[in-house]
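These notes concern the structure reproduced below.
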Amino acid sequence: MTSTFTITTEQGRIDKVITAHETTHTRSQVQKWLQDGLVTVNGQPTKANYKVASGDVIAISIPEAKPLEAIPEPIPLDIVYEDDQVIVVDKPQGMVVHPAPGHPDGTLVNGLLYHTDLPGINGVIRPGIVHRIDKDTSGLLMVAKTEKAQLSLSAQLKAKTSIREYLALVHGTFKEDEGTIDAPLGRDPRDRKRQAVVADGRHAVTHFQVLERFEHYTFIKCILETGRTHQIRVHMAYIHHPVAGDPLYGPKRTLPGKGQFLHAAKLGFVHPTTGQLLVFEAPVPPIFEKTLADLRAGIDKTRNVR
C-alpha cells in the first residue's frame, strides 16, 4: 500500500512528520521504512534527519502485513472487561505480551488468539495490542478486537487522553510529596538492551505522587503522560529512586520478588463506539501486597537478588 501526502508548511524532521501523519505506526517503524528506502520525497529516497519543506510530496510504500505467526494457545487469562470491540486484561507478572525472539509462545497474544479473533496491527505479530507492559510488570492492558477499536485506542494514546496509572515501590525516600519527570528517552548508546535519558530521545513525561514512606523505600503512584519503553523504570532510576526488584535499572541489593515492583493499577479510555468513558482498576499482585505489609510492619527483606 502506498500513502502519499503533500507538506503545506515546513514541519521539521521527516520521521516525526510521518509519525504524526501515520498515527497507527510508531516512529521506530517509520525510521525502519526510511532505512529500507520505502520513503521518497519528490520521488527521491531520503533519510530520517531530512527537514521537510512546504511543497514536498512524501510517498510511503507501507509493507504488507506478514502472515500470522502467533499460534493460539489455551492460556488462562484474567479478563476484567470484554465486549465486541475491546478487551481489558489484568496481565500477571512474568507473562510476555507478544511473541518475539526468545518468546515465540506462552504470551498474552497467544492466549488472546485462542480466546477470540483479533485484527492484525502493524504486521500481525502483535494482533490487537495497541500498547504493552513489560514482562515483569503486572496489571491492566487494553486490547482491540476490531480495526475501528484499534484506530480509536491508538489515537487516544497518541493524544494522551487515556488514563494510565501505575503503583511502584522504589528505593529511597522522597522529600517531596509529588513531582514530574520530563526527560527524553532513547536507546542507551552503551547497551542496546536498555533505555536511557538521552538528549535526542523521544519526549517522555512521568508524574509521581508519594503514597507511603518506609525507612529505605517509598510507595508511589505514577501517572504516564507519554508511554515510552521502560519509561517509569528509567525515569525513576534517573532521579536515583530505581524501582525495587528491577533487574535492569535497579541495584543488586533490593527486595526479593519476581521482578520489578511495578503494577499498572488503573486504566481508562473512551469506548470506540459508545463514546462512554470506561475506567478499570486492579489490585497489586499478592507478592507486592505481602511486601508492602512487611514494610508496614517494619520487616525489610532487602538482600542481594542477582
Margin query: One residue is enough: does region 212-229 have a residue meeting the conditions in the same structural domain as residue 97 (by TED's automatic domain parsing), of a type in the set (Lys, Arg) and closer than 30 Å to residue 117 by Cα?
Written below: no
Note to self: For region 233-274, give me each residue that is of a type in the set (Val, Ile, Thr), in contact with a helix residue (DSSP H, G or I) (Cβ under 9 Å, 6 or more places away or on another chain) and crowded, with 19+ Cβ neighbours inside 10 Å.
What the structure shows: 243
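Test residue 292 against the criterion of being outside any loop (DSSP other than H, G, I, E, B) and not β-branched (Val, Ile, Thr), and give yes or no.
Values: outside any loop (DSSP other than H, G, I, E, B): yes; not β-branched (Val, Ile, Thr): yes.
Yes.
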Notebook entry, point to check: Which ranges mark the strands (runs of 3 or more DSSP E) fully within region 1-114 that have 3 or more residues being at pLDDT below 80?
Noted result: 2-6
Next item on the list: Say whether the condition of being in a helix (DSSP H, G or I) and buried (at least 16 other Cβ atoms within 10 Å of the Cβ) is met by at least one residue in region 165-187.
Entry: no
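If we scan region 268-284, do we find a residue that is β-branched (Val, Ile, Thr), free of Cβ contacts under 8 Å to residues at least 12 places away in the same chain and not assigned by TED's automatic domain parsing to the domain that holds residue 145?
Pass one, region 268-284, residues β-branched (Val, Ile, Thr): 270, 273-274, 279, 284.
Filter once more, keeping what is free of Cβ contacts under 8 Å to residues at least 12 places away in the same chain: 274.
Filter again for not assigned by TED's automatic domain parsing to the domain that holds residue 145, leaving 274.
Yes; the residues of region 268-284 include at least one that is β-branched (Val, Ile, Thr), free of Cβ contacts under 8 Å to residues at least 12 places away in the same chain and not assigned by TED's automatic domain parsing to the domain that holds residue 145.
The values are calculated or read from the model by the stated rules, or taken from the named source; none is laboratory data. In this text, all values refer to a predicted model and were calculated from it rather than measured experimentally. Using ideal geometry, Cβ is built from the backbone for each residue, glycine included, and neighbour counts are taken over all protein chains shown.
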